[in-house]
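**Q** Next up is a structure, given as C-alpha cells.
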Amino acid sequence: MSRLWDKGLPLDARILRYTAGEDHMLDARLVHYDVLGSIAHVEMLAATGLINGVDSASICAGLRRLDADFAAGKWSIRIEDEDAHTALESRLVENIGSAGARMHLGRSRNDQVLTALRLYLRDVATDLTQRVEALRASLRGVAERQGTIPLPGYTHMQQAMPSSVALWCGGFDEAFVDIVAGLQSVRRRINKNPLGSAAGYGTPGLPIDRNLTAQKLGFDVTQQPVTAVQLSRGKAESALLFEITLLVQDLGRMASDLLLFYTQEFSYIALPAEVTTGSSIMPQKRNPDVLELIRAAAATTQACLDESLLITAKLPSGYQRDLQRLKAPLFRGIDLGIESVDIMAYVLDGMRFIAENIRLDPGIYAAEEANRIVREEGIPFRDAYRRIAERFVK
Ligand code: ARG
C-alpha cells in the first residue's frame, strides 16, 4: 500500500502522475522539515497520553534515521509516494513496523505540508537576511575603498547633479535595509503553528495539545481558529516572493547602472576577467552577461509572485489541491533570489571604479551655484535659477 488514502481501489496511472505532479522532486527540500514537524507531533501525542512512550521513542528514532538517510542520498521520494509526507510515513512503517502507523493521529497532510513549509520558510527568511547582510558588507567595501570618487548623478540619463561612489552605494544599501525589515515582517506572518488544524477543521474527539507543538517547533502562537489555517496558505509565500521581487528589482537597477558604466563609452568601472564571459565570434569581447541576467531575474521572481497570488485568488476556504501548485513558483523565486544576491556580492567584491575616466559635465554644478547665490544675496531661488540658466541657453 503506497498511498496513505489507498482503499484498495484502482488509480489510473495518468491521474496519479498528473496529481502528484512535481511533488516527488519539489518535496525533497521539505523532508527534513516534515521530520521536525512529525517529531514534535508524536512527542505531543505521547505527552497527552494518546500514544505510549515506547512507540513515541521508536517513531522519533525512525524519523531521525530517515532524515539522515535522505540527506545521505540513501532513499528518494517516488512518484507513487505522491509526496514527502507519504514517503516518510510508508518508509517509517517499513522500518519500524506497526508503531509507525500510530504517527498519523490527529493530523492531516493538509496541516503537515503547511507545518513543513513554514519551518522551511522561516529558515529561508533567516538565510536570506544573512545573505542580504553579506551583500551590504560588499557594498560597504566598495564605499570604503573608493567612496570619495565623484560620480555624476543622472536623471533622464543626463548628468544632473554631483554624486559619489559612496552616495551611489548608500542608496542601494538603504534599499537593502528595507528588505531586511520586510523579511522580519514576513517571518512574523510565517511563525504561527498550523499543526493540529488537521484537514482544516481540527480533531473532534481527540484532546491534542496544539500549544505544545507550537512551543516545541518555536512558533510564536498557535494559529486559531482552525479554519484560519488553510485560508493563510499562500500568503506567507506571496509576502516572501514580494520582498524577493523588490530585492531583485533593486539588484537589477544596480546591474543596469553597472552595465552602462562598463560600456567602452563610459569605462567608469573595470571588472575582473573571472566575472566576464566571451563571444564565440568576436575575440576581443569580455561580456558582463552576469549583470544582464541579474537584471532579467526580477521578471522571473515577479512572475513567481503573480503565479502565487493567482493560485489563491478566488479559491473557496478550506484545503483545495490547487494549493499544491504554490510550491513550484515559491521555490523557484527563492532560489533565484538567493543566487542573484550572492552573485551580485561577488561582482561588487571584484569591481573597481576607474576615477580618471569619470568626467563630470561643468553644468552639473548649476543648481549648487543657484543655491549659493540665494544664500549670499538673499534673492528668490527662481531669480537665481534664471541667472544661472542664461549660461545654458544657446
Ligand atoms: N502535496 C499536497 C500539497 O502540497 C499535500 C497535501 C495533500 N492533501 C490532500 N488532501 N490531497 O498540498
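**Q** Based on what the data block shows, is L206 outside any helix (DSSP H, G or I) and either closer than 30 Å to E292 by Cβ or not β-branched (V, I, T) (or both)?
**A** yes
**Q** Considering the range 1-27 alone, what residues qualify as being surrounded by 15 or more Cβ atoms within 10 Å (Cβ to Cβ) and within 15 Å of E89 (Cα to Cα)?
**A** R3, L4, H24, D27
**Q** If you don't mind, there's one more thing I want to ask. Hey, could you check the range 278-328 for residues that are more than 12 Å from the ligand (Cβ to nearest atom), acidic (D, E) and closer than 17 Å to A236 by Cβ and say which is surrounded by the most Cβ atoms within 10 Å (Cβ to Cβ)?
**A** E307
**Q** How many of the residues making up the range 69-86 are exposed (fewer than 14 other Cβ atoms within 10 Å of the Cβ) and at positive phi?
**A** Count: 1.
**Q** For the range 80-126, what are the residues that are closer than 24 Å to D209 by Cα and among the β-branched types (V, I, T)?
**A** Residues satisfying the conditions are T86, V113, T115.
**Q** Another question, then. Scan the range 86-110 and report the pairs whose first residue is within 21 Å of L26 (Cβ to Cβ) and within 16 Å of the ligand (Cβ to nearest atom) and whose second residue is β-branched (V, I, T) and not in a helix (DSSP H, G or I), with Cβ atoms within less than 7 Å and a gap of 6+ or a chain change.
**A** If the second residue must be β-branched (V, I, T) and not in a helix (DSSP H, G or I), the pairs left are A87/I77.
**Q** Failed condition for A270, given (1) at pLDDT below 95; (2) exposed (fewer than 15 other Cβ atoms within 10 Å of the Cβ), with all others met?
**A** For A270, the exception is condition (1).
**Q** Based on this model, can you work out whether S38 counts as within 16 Å of the ligand (Cβ to nearest atom), in a helix (DSSP H, G or I), of a type in the set (S, T, N, Q) and modelled with pLDDT of 95 or more?
**A** Details: within 16 Å of the ligand (Cβ to nearest atom): yes; in a helix (DSSP H, G or I): yes; of a type in the set (S, T, N, Q): yes; modelled with pLDDT of 95 or more: yes.
Considered against the rule, which asks whether it is within 16 Å of the ligand (Cβ to nearest atom), in a helix (DSSP H, G or I), of a type in the set (S, T, N, Q) and modelled with pLDDT of 95 or more, S38 comes out as yes.
**Q** Which residue is nearest to the ligand (Cβ to nearest atom), if the candidates are limited to the range 329-351 and must be of a type in the set (D, E, K, R) and either more than 29 Å from T19 (Cα to Cα) or part of a loop (DSSP other than H, G, I, E, B) (or both)?
**A** E339
**Q** Same structure again: Which pairs have Cβ atoms under 6 Å, sit 6 or more apart or on different chains, and link a residue in the range 257-282 that is in contact (Cβ under 8 Å) with a residue 12 or more places away in the chain and farther than 23 Å from A355 by Cβ to one that is of a type in the set (D, E, K, R) and part of a helix (DSSP H, G or I)?
**A** As it stands, the answer is T277/D289, since those pairs meet every condition given.
**Q** Can you report the number of residues in the range 232-253 which are farther than 17 Å from T300 by Cα and not polar (S, T, N, Q)? Lay out the reasoning, then the answer.
**A** Just the residues of the range 232-253 that are farther than 17 Å from T300 by Cα, to begin with: 232-236.
Imposing the further condition that a residue be not polar (S, T, N, Q) reduces the set to 233-236.
Of the residues in that region, 4 qualify.
**Q** Another one. Mind checking which residues of the range 142-168 are of a type in the set (D, E, K, R) and farther than 17 Å from E356 by Cβ?
**A** Scanning the range 142-168 gives a single hit, E144.
**Q** Of all residues in the range 16-35, which are within 12 Å of the ligand (Cβ to nearest atom) and among the small types (G, A, S)?
**A** Listed by number, the residues that qualify are A20, G21.
**Q** Would you confirm whether or not the range 306-316 contains a residue that is of a type in the set (S, T, N, Q), closer than 27 Å to H24 by Cβ, at pLDDT 95 or above and within 24 Å of the chain's Cα centre (by Cα)?
**A** yes
**Q** A follow-up question, please. Taking interchain pairs and intrachain pairs at least six residues apart, which have beta carbon atoms under 9 angstrom, with the first residue in the range 4-32 and assigned to a helix (DSSP H, G or I) and modelled with pLDDT of 90 or more and the second away from the ligand (no atom under 13 Å from the Cβ) and hydrophobic (A, V, I, L, M, F, W, C)?
**A** Close Cβ pairs (under 9 Å, with a partner that is away from the ligand (no atom under 13 Å from the Cβ) and hydrophobic (A, V, I, L, M, F, W, C)) amount to A28/F70; L30/L119; V31/L66; V31/F70; V31/A71; H32/F70; H32/A71; H32/L119.
**Q** Given (1) over 22 Å from the mean Cα position of the chain (by Cα); (2) part of a helix (DSSP H, G or I); (3) modelled with pLDDT of 95 or more, where does E80 come up short, assuming only one miss?
**A** Single failed check for E80: (3).
The values are calculated or read from the model by the stated rules, or taken from the named source; none is laboratory data. None of the values given here were measured: they were computed from a predicted structure. Using ideal geometry, Cβ is built from the backbone for each residue, glycine included, and neighbour counts are taken over all protein chains shown.
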